[in-house]
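What follows is a short report on a single structure.
The values are calculated or read from the model by the stated rules, or taken from the named source; none is laboratory data. These numbers come from a predicted model, not from an experiment. Quick reminder, even Gly has a Cβ in these numbers, built from the backbone with ideal geometry, and neighbours come from all protein chains shown.
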Amino acid sequence: MAEKKDVRYSTQLIEEEGIFNDKFSKILKLDESGSSYVIISIMGPQSSGKSTLLNHLFGTNFKEMKAEIGRNQTTKGIWLAKCTNTEPYALVADLEGNDGTERGESDTAFEKQIALFALAISDAVIVNMWCHDVGRIHGANTHLLTIVFQVMMQLFSGELHKRTIFFILRDKTKTPLDMLKKQVNDNVEKIWDSIQKPKLLEGTRLNEYFDVQVDALSSYEREEEEFKIEVSSLKNKIFQSIAKDGCQSRYFGVDAATLSISVEQMWKTIKENKELDIPAHKIMVSSLRCDQIVNGKFESLKNQDWVKLHKNIISLDPSLFGEKLVTILNTSLSQYDNETIYFDESVRAEKRESLKEKALQLFESSYQGLLDHQRCITFGTFKKELDNALNERKTFALSASDCTERFMAKFNEICTDATIPQANWDSSVVRLQLQQDMGEHVTSLRETKLAECNKKYKKQLKGALTGPVNDCLQEADDNTWPTIKLHLERESKSAVEGLTGELDGFDIDDKRKDEMLAHLEDYARGVVEKKAKEEASRVLKHMHDRFLMFFTNESKNVPRIWTGEDDVKTIAEVSRLKCLKLLAIMAAIRWGNTAGNIEATLYLTLVNPNGKDDSRTRSTSSDPLAKSTWEEDPTMKTLIAPSECKTLWIKFQTDTDYIVNHANSVIQAIQDRKHAELMAKQAREEVVAAMEKAEQASKKVIALKKEAKEAAKKAQEDAQIAIADANKRAKEAQQAQKAANDAERAYTEAVEKAKRGFWGHVLDYLILKPFGWIVNQ
């Protein structure tokens, strides 16, 4: 690969709103760089270093994210740069990140479109992803590639050009590269096998359309020098991959103007999601360039003398019209022939014919535009004149006929003056269109006026009937349907008379008139029936409300106060009978003069099935409600089928049982409360008695405490006296002890003396023994 002088050009190819920059070829100066080049694009997650990688790979100047201000969206849409330091030179596309928060999760359509566009126009696509995201659905672009492959097979199934997809794994880890390659290839194969393919391409393998390659790079922030060395090697791998085995550039020999048209058409196709069958390369290039030249000549044709004719077409002299057209057309075709001489002959001839047809269509459109303009003016004036005539209180039929004849004659004169003999253009279509417009307007206006009349009286009927019918149905008594019928007859008669007077001025036949009047009468009856059906559809709610009204009120607007003595069962039965009557009233519309036996049938079947049989109201069947209609009178129209009445009544009883049970619970609660109050009164009396006894006991305790205190005082005094007496006795005992000691000592002496003689024995019996007895006492 030869190195050349580095020249950098870049521009935004597709803006973030999806707008295509059709000036990119001029901005990048592609016409100065030859017609041999390759297109390489990069996609991947936001802030994954795509722009940084391209700048190091190809020397581009894409804007890079600044880490110090946070991770955010740097590239928006698609940016395209020209790299002239390679052979062939490269056009490098930098795609917006596909998982940024700026667009949100719900706005992924644009990301899918630009990814599909990149695959469609590129010789090689770089999928930039973090190494640690291998195997993840979003980080590895798995979901995006699935959709892009599937849609691409549908849109470009006719093109078999092979593309290279490079998966570049950023910030490589310790995982072996071969293992990563295998995992990436397996994932891509699974994506390819899972997509739905056209029948012609079913069973095809991924390597028939894509050359998948995987490489890994070191971290740019932590290992910058190693990163740059690996990027240099990666650049050679990319160009070698493009050049090998059928992957050579598709754009060899395609000039800048043709490339610009080609990629713009591809974006338009993808943006609009249209089907596209790309033809062979030469036919495609010829078709695109010839289309461009045709468009250019056509635009030039419109912007030369023709634009003057077109702007002043209304005031042009018809005799000069054809000559100017021939000169303009011949000049444009001659210029086309000179500029398309090197393109495919069949395409040239086809596009030349299309240029001629477009020019003639343009010329004829101006001619028809003149007539259309005059037709619109004539038609607008016709409508105003007709409205004025009607505002002057003229009859509709006379006003419409007079205005149509006058304005059609005026337009025929205009068509004759504007006819161009050389062009052989026909004005009959425009004439017929005006005539048809006038007729349709007259018909539409007539129907509008008739509809307004009809609507006015329908509104009158609806307002006059809806309220009274609703009130009658809610009242639900024996006069309900006779009263409704009376309202209907009176209001219908009033509306029919009013409409009859207004229809006389429209000159419509008697049949149509009778139909409208009959329709109004039917509408009146329909208002009643519709209201009756609406209320019948809510009959269960009405029954609930009616039951509550009678069950919870003594009389109208007077709430019932439960006393505990109320007969809840009887009140509930009476309230339910009121509801049964409501059900009977709403069960069928009665236009006849008979009230029917619906209420009696419902009563005997639902309320009193075991009562006495009444042959006038009972059916011979075992269940009179086992049918779908009430057939007692042909003028009767069923609203609620007998079988449904039975179902509703069962449901109603079940629902109201809760209310009745609640009322019984209230009665029981009142009785329980009274019993509790009686028990409480008895308890209070017992408490009072107990408190009186306690007070008496307390007084006794106080008296006993007083007596005990006095006894204790007396005992203390007695104890003090006893102690004093004991002390006295002790003192006396001490004195006696002393006397005893003295006597014992005297005795001892006496004994000693007695031992000495007779007198000792006398002393013993006469003195000592009596003295000892005295001491002992």
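Let's see how each residue does on (1) in contact with a helix residue (DSSP H, G or I) (Cβ under 9 Å, 6 or more places away or on another chain); (2) of a type in the set (S, T, N, Q); (3) modelled with pLDDT of 85 or more:
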{"residue": "Ser622", "(1), (2), (3)": "no, yes, no"}
{"residue": "Lys627", "(1), (2), (3)": "yes, no, no"}
{"residue": "Trp630", "(1), (2), (3)": "yes, no, no"}
{"residue": "Met636", "(1), (2), (3)": "yes, no, no"}
{"residue": "Thr647", "(1), (2), (3)": "no, yes, yes"}
{"residue": "His662", "(1), (2), (3)": "no, no, no"}
{"residue": "Ile670", "(1), (2), (3)": "no, no, no"}
{"residue": "Met679", "(1), (2), (3)": "no, no, yes"}
{"residue": "Arg684", "(1), (2), (3)": "no, no, yes"}
- Query: Filter segment 502-529 for residues that are part of a helix (DSSP H, G or I) and among the acidic types (Asp, Glu); which is nearest to the chain's Cα centre (by Cα)?
  - Reply: Glu529
- Query: Is it the case that Ala536 is part of a helix (DSSP H, G or I) and surrounded by fewer than 17 Cβ atoms within 10 Å (Cβ to Cβ)?
  - Reply: no
- Message: Residue under question is Thr395, and the condition is that it be under 30 Å from Ala524 (Cβ atoms), in contact with a Lys or Arg (Cβ under 8 Å, 6 or more places away or on another chain), surrounded by 13 or more Cβ atoms within 10 Å (Cβ to Cβ) and of a type in the set (Ser, Thr, Tyr); does it hold?
- Response: no
- Query: Does Leu499 qualify as being in a helix (DSSP H, G or I) and touching a Leu at 6+ places or on another chain (Cβ under 8 Å)?
  - Reply: yes
- Determine if segment 364-383 includes at least one residue that is touching a Phe, Trp or Tyr at 6+ places or on another chain (Cβ under 8 Å), in a helix (DSSP H, G or I), in the same structural domain as Lys311 (by TED's automatic domain parsing) and under 21 Å from Phe506 (Cβ atoms). yes
- Message: Residues that are within 21 Å of Asp211 (Cα to Cα), assigned by TED's automatic domain parsing to the domain that holds Phe239 and at pLDDT below 85: does segment 102-110 have at least one?
- Response: no
- Contacts under 9 angstrom Cβ, first residue in segment 662-677 being within 18 Å of Ile571 (Cα to Cα), partner of a type in the set (Val, Ile, Thr), 6 or more apart: Ala663/Thr552; Ala663/Val568; Ala663/Ile571; Asn664/Val568; Val666/Val568; Ile667/Thr563; Ile667/Val568; Ile670/Thr563
- Odd one out for Asp477 among (1) more than 41 Å from the chain's Cα centre (by Cα); (2) in contact (Cβ under 8 Å) with a residue 60 or more places away in the chain; (3) closer than 30 Å to Ala397 by Cβ: (3)
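The rows are residues; the columns are (1) within 30 Å of Thr84 (Cβ to Cβ); (2) assigned by TED's automatic domain parsing to the domain that holds Lys23; (3) of a type in the set (S, T, N, Q); (4) modelled with pLDDT under 80.
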residue: Lys162; (1), (2), (3), (4): yes, yes, no, yes
residue: Asp171; (1), (2), (3), (4): no, yes, no, no
residue: Lys174; (1), (2), (3), (4): no, yes, no, no
residue: Glu202; (1), (2), (3), (4): no, yes, no, yes
residue: Tyr209; (1), (2), (3), (4): yes, yes, no, yes
- Is it the case that some residue within segment 464-486 is surrounded by 16 or more Cβ atoms within 10 Å (Cβ to Cβ), more than 30 Å from Glu599 (Cβ to Cβ) and either touching a strand residue (DSSP E or B) at 6+ places or on another chain (Cβ under 7 Å) or among the hydrophobic types (A, V, I, L, M, F, W, C) (or both)? no
